[in-house]
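Since the structure comes first, as structure tokens, the remarks are kept for the end.
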Amino acid sequence: MATQERPSQTPAQPPADAASDAAAHPPTGLAHVATVSFLASRVAPSGAFFIALAGGVALARTAARRGARQGYGASIAAMLQTVAIIGPARFNGPLTQAITAPMMGRLEARGVRPLYQGLACAAVRLVHNAVISIAVIWIVFGVDAFTGSYENLAGRLPFLPDGESAAIIFTAATLVLWTIFATTIQVIVYRRGLSRWPDQAAEEIEHSGTEPDAEPASSAPRFDPRAVMLAAAISFGLLLASTDWVVLAAVVGFLVLASIPARLDWDAFPAGLILAAVLAAFALFFSITAELGLDESLRRAARAALLVLTATWLRAAAGSAGLREVFRRLLLRLRRIPSLREAGLVLAGLDSGRKLVAAGRTLIDSLRGVPMMAEPIVDAVLVWVAEESGRFRGAPVAVPPRLRLRLIDGVLVVAAVLPAATLFAGA
């Protein structure tokens, strides 16, 4: 069988004028595709890794053609855009691909062998997954609940080894197996997408043509989004510090009272409530299985739910436009850090409304009639990635919304600090 000739690789180094061209025309089309993919992976009940693959291909394409700085700039912008739309809950879903895709795009452009691409991706993925797993076990479930639950399970399943060390080894082995599987899929899909990218696809020159989808005036938050972010961070800190019922009740009281004047965006709550219930159920299961007692189990479950609800309140109170503006200012202040200036340019042109929905519908339409097998589905999605990135036209740079700290913002931050008194009261 004749082998298909692969299109010539993009040169490892971009042309001399690539930096100025990239600044004038940031790759918002590819970042738009990554946003659609990553957003879907964060709201989907399962399969986040597979849904995020399309966004990973788009970011790999960005880095392959424009360099690592533009690739990571588009990646940062896409992730921040998803946070502005639905808040920080389930942020980790597409994060590994957001970290590894630009790196793999550059390695592919330089002609690095698939094996070495896989080893580089696996190293990053394993470290990231290990850090996240440790954080979730420590914060949400508790180390004692996790190891105790494993020991009780091992007592009922004779083929599992006993002991805390066995629980750690079992978890590490699971992470390694998942790393091997996920990395293999990433390398295959990314290389397939990059090698089959249509030559006639429109390139990403986007800052023209359409008006941005403005956030409705009625959803404008009363509080300055910077104050909302600080108040949410304080609440996070309190929840991490203690699971005492008084502390939990104080945080609930703050969230309820702060919501009254906040003009919340209620669209942010459905997904947050579902995730809060799921995490609370897992925390309750691990704690009860570890025989920590009903009171301790309920407190840990309530803390897990409140962590998600605080993140949901942050998005609802700050508003999508408010979070985007805070992110834009932060990127501007940190623009000397590589890729952050590029991220700010891309973020300014991304859409947060109709175009995201339209892109999702276009993908669904393109999958109709496709055989329900892995290869045809992957190829159909890869075609959509190329066509949607070329079709997108970014919003013109608009006048950013004004942020002004007022007395009510100071009251909000002080109110967030007040529950800390319960820590000292219980000491």
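The values are calculated or read from the model by the stated rules, or taken from the named source; none is laboratory data. None of the values given here were measured: they were computed from a predicted structure. Here the Cβ is made from the backbone with ideal geometry for all residues, glycine too, and neighbour counts use every protein chain on show.
Key figures for this structure:
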read-out	value
Candidate set: the range 46-77, residues that are assigned to a loop (DSSP other than H, G, I, E, B) and either free of Cβ contacts under 8 Å to residues at least 40 places away in the same chain or among the β-branched types (Val, Ile, Thr) (or both); chosen: the one farthest from residue 109 (Cα to Cα)	46
Given (1) in contact (Cβ under 8 Å) with a residue 24 or more places away in the chain; (2) among the β-branched types (Val, Ile, Thr); (3) closer than 23 Å to residue 136 by Cβ, number of the condition residue 288 does not satisfy	(1)
Selection status of residue 286, part of a helix (DSSP H, G or I), modelled with pLDDT under 95, out of contact with any Pro (no Cβ under 9 Å at 6 or more places or on another chain) and over 15 Å from residue 89 (Cα atoms)	yes
Where a residue in the range 174-194 is at negative phi and its partner, wherever it lies, is charged (D, E, K, R) and crowded, with 17+ Cβ neighbours inside 10 Å, with Cβ under 8 Å and at least six apart	179/125; 182/125; 183/125; 190/108; 191/108; 193/61; 194/61; 194/108
Any hit, the range 289-301, residues being within 27 Å of residue 410 (Cα to Cα), surrounded by fewer than 22 Cβ atoms within 10 Å (Cβ to Cβ) and not polar (S, T, N, Q)	no
Any hit, the range 36-45, residues being out of contact with any Pro (no Cβ under 7 Å at 6 or more places or on another chain), of a type in the set (Lys, Arg) and in contact (Cβ under 8 Å) with a residue 12 or more places away in the chain	no
Selected residue [of a type in the set (Gly, Ala, Ser), in contact with a helix residue (DSSP H, G or I) (Cβ under 8 Å, 6 or more places away or on another chain) and touching a residue at least 60 places away in the same chain (Cβ under 8 Å)] from 111, 93, 105	105
Checklist (1) hydrophobic (A, V, I, L, M, F, W, C); (2) touching a helix residue (DSSP H, G or I) at 6+ places or on another chain (Cβ under 6 Å); (3) modelled with pLDDT under 90 applied to residue 316, failing item	(3)
Any hit, the range 337-353, residues being part of a loop (DSSP other than H, G, I, E, B), in contact with an Asp or Glu (Cβ under 8 Å, 6 or more places away or on another chain) and farther than 30 Å from residue 63 by Cα	no
One residue from 378, 308, 385 being in a helix (DSSP H, G or I), surrounded by fewer than 23 Cβ atoms within 10 Å (Cβ to Cβ), β-branched (Val, Ile, Thr) and at pLDDT 90 or above	378
Filter result for residue 324 (buried (at least 22 other Cβ atoms within 10 Å of the Cβ) and either in a helix (DSSP H, G or I) or not hydroxyl-bearing (Ser, Thr, Tyr) (or both))	yes
So residue 76, is it farther than 23 Å from residue 198 by Cα, modelled with pLDDT of 95 or more and surrounded by fewer than 24 Cβ atoms within 10 Å (Cβ to Cβ)	yes
Where residue 165 falls short, out of the listed (1) surrounded by fewer than 12 Cβ atoms within 10 Å (Cβ to Cβ); (2) at pLDDT 80 or above	(2)
Qualifying positions in the range 250-267 - in a helix (DSSP H, G or I) and touching a residue at least 60 places away in the same chain (Cβ under 8 Å)	250, 251, 253, 254, 257, 258
